[in-house]
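What follows is a short report on a single structure.
The values are calculated or read from the model by the stated rules, or taken from the named source; none is laboratory data. Since this is a predicted model, take the numbers as computed values, not measurements. Cβ placement follows ideal geometry from the backbone for every residue including glycine, while neighbour counts extend to all protein chains displayed.
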Amino acid sequence: MSELVGFVGLGRMGRPMATNLTRRGFRLVVHDVNREAVEELERHQARGAASAAEVAAASSIVITMLPNSAVVAEVIGGPDGVLRHARPGTLILDMSTVSPETTDAMAAAAQAAGMTYADAPVGRLASHADRGECLFMVGASEADFARVKPLLEAMGTTIHHCGPVGTGTRTKLVNNYLAVSLCQMNAEALALSQRFGLELEKTLEVLHGTTATNGQLKVNWASKSLIGDIEPGFTIDLAHKDLSLIVEAANTARVPMPLAAAAREAFSTARARGFGGRDFSAMGDALCDLAGIEKPRLKSTPSHEG
């Protein structure tokens, strides 16, 4: 690919995603507020930039992978943002998880500036990003989807074109509602099992043999908190942020979501007790800590890969 690709946001997900682009031969110019992250990408032959504005001026496609709606609005639409410094015809590909209103506003601003916009939030975990196995939910025109598809293929294994701009963001909120809320349900179920004095392995064997099973419990929990690994692939803080986006978007759309609201408050409690920086599978630990119950742990590491 001859065009220069910009990448802004080299956090836990963005850094391996950008690294995989360089490994697949894409020419990158990158920026992050963390200079060490930029230096790591420079070791992978990317060109470092001092600002998002510098990235925008040099690139024909600008990818953003940022922590929240406010940062996306500032980096893309702010006075020193991408829209002020990119050339007409630039395609902005935002892969952050943000509010639908943010996506819609940035897309409209891009169109007014003679640019195009696509939203492609990321599914799966940081470990998948490391291996180039991300899942993308893309909102884009057919032409823009064709333009960014080679980039997405370099970073992931599963790409869903959900429809026009904005549908990727909205699909991500639906997906994350289930993924995050299941963590709270799993936490409550395993805390109850622990209190009952049941053997964790046998309880899981039963659950995985019925419709009670779920991907969080069978895959993420089994490879993270249930074996004592609560280092974040996706933090409780970020999960709380996503639940807040979900509840707010549902309120705007006039869709009652009482379970989402309750789950958000449970995550608020976990954050207040110091669990915010831990993996969201540690919701089980947080609840057991609150109730004075022994944390759920498998006696041996499961043989399947998470």
Might you let me know whether region 43-65 holds any residue that is β-branched (Val, Ile, Thr) and either farther than 19 Å from residue 10 by Cβ or surrounded by fewer than 21 Cβ atoms within 10 Å (Cβ to Cβ) (or both)?
-> no
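Do you know which of the residues in region 87-108 that are hydrophobic (A, V, I, L, M, F, W, C) and without any contact (Cβ under 8 Å) to a residue 40 or more places away in the chain is farthest from residue 176 (Cα to Cα)?
The first filter runs over region 87-108 and keeps only residues hydrophobic (A, V, I, L, M, F, W, C), leaving 91-93, 95, 98, 105-108.
If we keep only those that are without any contact (Cβ under 8 Å) to a residue 40 or more places away in the chain too, we end up with 92, 105-106, 108.
On the way: 92: 23, 105: 22, 106: 22, 108: 25 Å.
Out of the qualifying residues, it is 108.
With out of contact with any helix residue (DSSP H, G or I) (no Cβ under 7 Å at 6 or more places or on another chain) and either under 23 Å from residue 279 (Cα atoms) or of a type outside the set (Asp, Glu) (or both) as the only criterion, which of 226, 151, 173 stands out?
From the options 226, 151, 173, the qualifying one is 226.
Which helices (runs of 4 or more DSSP H) does region 154-272 wholly contain that include 2 or more residues that are of a type in the set (Lys, Arg)? Working first, answer last.
On the way: elements: 167-196, 200-207, 236-253, 258-272.
Answer list for region 154-272: 167-196, 258-272.
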Helices (runs of 4 or more DSSP H) (entirely within region 78-140) containing at least 3 residues that are surrounded by fewer than 24 Cβ atoms within 10 Å (Cβ to Cβ), modelled with pLDDT of 95 or more and small (Gly, Ala, Ser) = 100-112
Among the listed residues 35, 15, 27, 23, which satisfies the condition of being closer than 29 Å to residue 131 by Cβ, basic (Lys, Arg) and within 21 Å of the chain's Cα centre (by Cα)?
-> 15
Out of the residues in region 110-134 that are closer than 16 Å to residue 63 by Cα and of a type in the set (A, V, I, L, M, F, W, C), state the one that is nearest to the chain's Cα centre (by Cα).
-> 122
Determine which member of the set 284, 277 is touching a Leu at 6+ places or on another chain (Cβ under 8 Å) and either touching a residue at least 12 places away in the same chain (Cβ under 8 Å) or not in a helix (DSSP H, G or I) (or both).
-> 284
Would you mind telling me which numbered condition in (1) within 29 Å of residue 221 (Cβ to Cβ); (2) touching an Asp or Glu at 6+ places or on another chain (Cβ under 9 Å) residue 132 fails?
-> (2)
